[in-house]
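One structure is given below, encoded as structure tokens.
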Amino acid sequence: MRLKLLYLLRNLLRNPRRSLLTCAAVGLPVMIYVLSMSVVDGVERFLDNSMTQLRLAVTQKTSIINPLPAGYRKKIAALDPSSQRIIAVCGMSWIGGRIEGDPRPLSTLAVDRDAFISAFPEFQLSEDEQAAWMRDRRAIILGRSTARQFGWQVGDRITLIPSLPPYSPMEFHVISTAEKATDPSTNWCHHAYWDEIKKQSGYPAEIVGFLFIKCATRQDMDYYRVAIDDFFANYSDATKTQDEKAFMNEFITQQFNLPRNLSILSAVTVFVAIMAAGNTMSMNFRDRFSELATMKALGFGRWTLFSQVQGESLLLCLLGGAVGAFVPYWAFNYSPLRNFTVPLIQQLEVTMVVCLQALLISAGVGVIAAAWPAIQAWRLSVVTALRNQE
Amino acid sequence: MVRRLSSLLTFVVVSVVVLVLAVLLSFAAGIRASLKSSGHPENILVLKSGATAESTSILSPDEVNRMVQTPGVANSTTGELLISPELCVQTSIPRQGSGAMANVAIRGVEPMAFEVHPEVRIVAGRCFEPGVLEAVVGKAASERFSGLQVGSLVQLGRLNNQVFEVVGIFEAGGNAFESEIWTARTTLASSYDRRYISSVAMRIESPAAVPTSLDYINGPAVRLQAKTELNYYEELSSKTREIVLLSSVLIFIMGIGAVFAVANTMHAAVDSRRREIAMLRTLGFSRRSIGLAFWFESLIICLLACGCGLAGSMAFSGTKQDFLSDATWTVLAYQLQVTPDIALTAIILAVTVGTLGAVLPAWRASRVPILEALRKA
């Protein structure tokens, strides 16, 4: 086995230029694969988390753009007098935001102070952070990538201009950068503070954009998904209740359908890698046509020749794939690239799982690329092969 | 035989890279084309100060009245000021095919709107009557979303309980309006229980007068936010910059990969033709012409592949897509467009890949030692 591996390596080194070029031609598409799948993966992790959190999203039936009366919160909570099945009802409003003189848009949600911690346990706020959140009306929890992007830290005072009327500046105190939150870019602040800002300018304040309901079990979730809509059916604002995953998915598929489009792109790049590696393998095979025939004449079996051609391709593609997969892994986890404040870089998390997947795919590329030459090696007729040589 | 296969594989690699380039860029081009044609250079759009889109802007009737004095506003043929107060709301309408819900914009307008936006033309049916629950639908919206044909009934209103009849389809030169539903402003205001309006569009007499008018509205007399429509839609299309950036990074990486694939093939070509090259040299061909020959060979492969990739991308061109703008929160329908610019970018990419991939092999070919190459054969 060791001898064979050595032989394969030696074979690759016989034409180092070709092997290197192929490594690169396979490695770069693999790199793209890793990057795009990391994006898709991030979206999926986000959606999966939404599912496990057993939350329902309640919006106005006609359109999410229409607000709901803030009083719905108490009415929904009253649907479960025991408070055993509905753990928390959290009113939320999207207020967007940006900072003075900077075009970069932010995503900020105003949430009910008292319900937020129990409705979003995945934030895993420390006791100090929880205390600060409850105490400080102007508390804001920043998304970690947003915090890095703007260079904000816990303890900073920041001023945001909301994207909704009355557009009056709001001052916030950063109390956490939500290292555990699944969404790395959204910021969270008190709904009461937002209401206050609106009241000052005479805008209606007793409204929320939508409500999130944290349920105790999956059965409760299924039950209230129907029960809430039934309850509000005859109110002036009927509701539409769906689980958080479906709610989020609506946004994601409407915005370019990134997961689907990137998956197509990944498939295309893998195809390119197969072509590039296949090119090399067919050239290698052609160069060593007579050599393979000689080996066969010497008594090496079909399997040996077949596995030699396959093994060489596999090794080459694994080498290229390893570089293509682990360079981004290193770059996004350990390198100075992490300090760049470009949102795309900040929000991307390249995980080991994706890298291993990419490696597996590189192996697949190797096998497919060498399939035809390997079959030819298997079928090789010694007589014809040797006769053809000049 | 080997070179045919090898060239073919390289050809496929380059055409796929060109195809990806063209398709990715055609998304951005389509969106930009749709937004860009929406603005008229002599039109200005007034929003509440601080608002980034019509959908989050609220203007009171009082604020609208302050604008009547704006200098430079053009007059219609009947002598009225070309000022069009508009109300923008939204509704959810299922897409055709997938049935997934989309946020569609509804614009409430007064008759004046059709003079301020003269590109809007009814192409089927008739225009809505004020005071009746009637609406006209943009061409793109009627194609993308279900139940928006002439004669169909659509439920609108804040409580979704007002049944509007679609009485006409309009075209607007492929711009953003075509993704919308238009109806009379007063009708829409009562259906959606809105006392305010969202934005005001006005036509200025000449492009030269536009800065004065903008200053007037932005200034102390009106204190609202005015920009030219071109600017407004340009800002909305900022999202496309992100797509272009992302595409560029991806294409750059794939392009380098293609360079390596081309180099590989060309190296093999040189290797397998050492004897032939030596022969040509003996016959008197210069080093330069040998090198150039390999460079041309690579260019031919890449340019043919480029043509093939572009032809492939034409199959996607014209595909109808829509996306949810994160500024307006309404969907904008657009068509993928492979523009001449994109074709040019693709050709530049192909030439670059062909050249970079051929540099070393061509140099090697021109340096083939004649005697050794002839003897070895």
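FYI, it's all coordinate maths here, none of it is from the lab. Since the model is a prediction, treat every value here as computed from it, not as a measurement. In this analysis, Cβ positions are derived from the backbone assuming ideal geometry, glycine residues included, and neighbour counts consider all displayed protein chains.
Give me the tail of P(r) for the stretch B:43-236 as a percent: Cα-Cα pairs with distance above 23 Å. Result: 42 percent of Cα pairs exceed 23 Å. For chain B, list log₁₀ I(q)/I(0) at each q in 0.06, 0.07, 0.09, 0.13 Å⁻¹, using the Debye formula over Cα point scatterers of equal strength and ignoring solvent, two decimals each. So the normalised log intensities work out to -0.37, -0.47, -0.64, -0.99. Measuring spread by the Cα atoms of the stretch A:271-311 yields a radius of gyration and Dmax of 11.8, 37 Å. For chain A, the membrane-span-like helix rule (DSSP H, alpha carbon extent of at least 24 Å along the helix axis, mean Kyte-Doolittle at least 1.6) picks out A:352-369; this says nothing about an actual membrane. Dipole size of the stretch A:270-370 about its Cα centre, with +1 on Lys/Arg Cβ and -1 on Asp/Glu Cβ: approximately 160 debye, rounded to the nearest 20.
Between the exposed loop cleavage positions of chain B, defined as GluC sites (Glu not before Pro) in a non-H, G, I, E, B DSSP state with at most 15 neighbouring beta-carbon atoms within 10 angstrom, the longest gap is B:206-377. Screening chain B for whole DSSP H helices with an alpha carbon extent of at least 20 angstrom along the helix axis and a mean Kyte-Doolittle hydropathy of at least -1.0 yields B:2-36, B:238-272, B:287-314, B:340-366. This model, with +1 at the C-beta of Lys and Arg and -1 at the C-beta of Asp and Glu, gives the stretch A:67-236 a dipole about its Cα centre of some 160 debye.
Can you give the net charge of the other residues whose Cβ lies under 11 Å from the Cβ of A:G91, counting K and R as +1 and D and E as -1?
Neighbour charge sum, excluding A:G91 itself: -1.
Taking other residues whose beta carbon is less than 11 angstrom from the beta carbon of A:Y167, and scoring Lys, Arg as +1 and Asp, Glu as -1, yields +3. Split chain A at each of the trypsin sites (Lys or Arg not before Pro) in a DSSP loop with at most 13 other beta carbon atoms within 10 Å, and the longest piece is A:181-390. Of all lysines in the structure, the ones whose alpha carbon falls short of 16 Å from that of A:K74, not counting any fewer than 8 places away in one chain, are A:K214.
For A:K4, the aspartates and glutamates whose Cα falls under 13 Å of its own Cα, not counting residues fewer than eight places away in the same chain, are A:E312.
Relative contact order of the stretch A:67-236, taken over Cα pairs closer than 8 Å and 6 or more residues apart, is 32 percent.
Placing unit charges on the Cβ atoms only, positive for Lys and Arg and negative for Asp and Glu, gives the protein assembly as shown a dipole magnitude near 4140 debye about its Cα centre. Summing charges over neighbours of B:S213, with a neighbour being any other residue whose Cβ is under 14 Å away from its Cβ, gives -1 when K and R count +1 and D and E count -1. What FRET efficiency do you get for A:D48 and A:N234 if R0 is 41 Å and r is their Cβ-Cβ distance, rounded to the nearest 0.05? Calculated value: 0.70. Given the pairs A:K198/B:K239; B:K139/B:K320; B:K227/B:K320; A:K198/A:K245, which span a C-alpha to C-alpha distance of over 20 angstrom in this model? In this structure, A:K198/B:K239; B:K227/B:K320; A:K198/A:K245 exceed 20 Å between Cα atoms. With a simple spin-label model that places each label point 7 Å from the Cα along the Cα-to-Cβ direction, the separation between A:Y223 and B:S76 comes to 6.0 nm.
With R₀ fixed at 35 Å, the C-beta to C-beta distance from B:A311 to A:R104 puts the FRET efficiency at about 0.35.
Built from the Cα atoms of the protein assembly as shown, the convex hull projects on average onto 41.3 nm², one quarter of its surface area.
Taking every C-alpha pair closer than 8 Å and separated by at least 6 residues, the mean separation divided by the residue count of chain B gives a relative contact order of 29 percent. Selection among B:L47, A:S201, B:N75 by position relative to the dipole of the protein assembly as shown gives B:L47 as farthest towards the positive end (Cβ unit charges, Cα centre).
For the stretch B:332-377, the alpha carbon convex hull comes to 106 Å³ per residue, rounded to a whole number.
Placing a label point 7 Å from the Cα of A:A216 along the Cα-to-Cβ direction, the residues of the stretch A:44-86 whose backbone N falls under 20 Å of that point are A:52-57, A:74-86.
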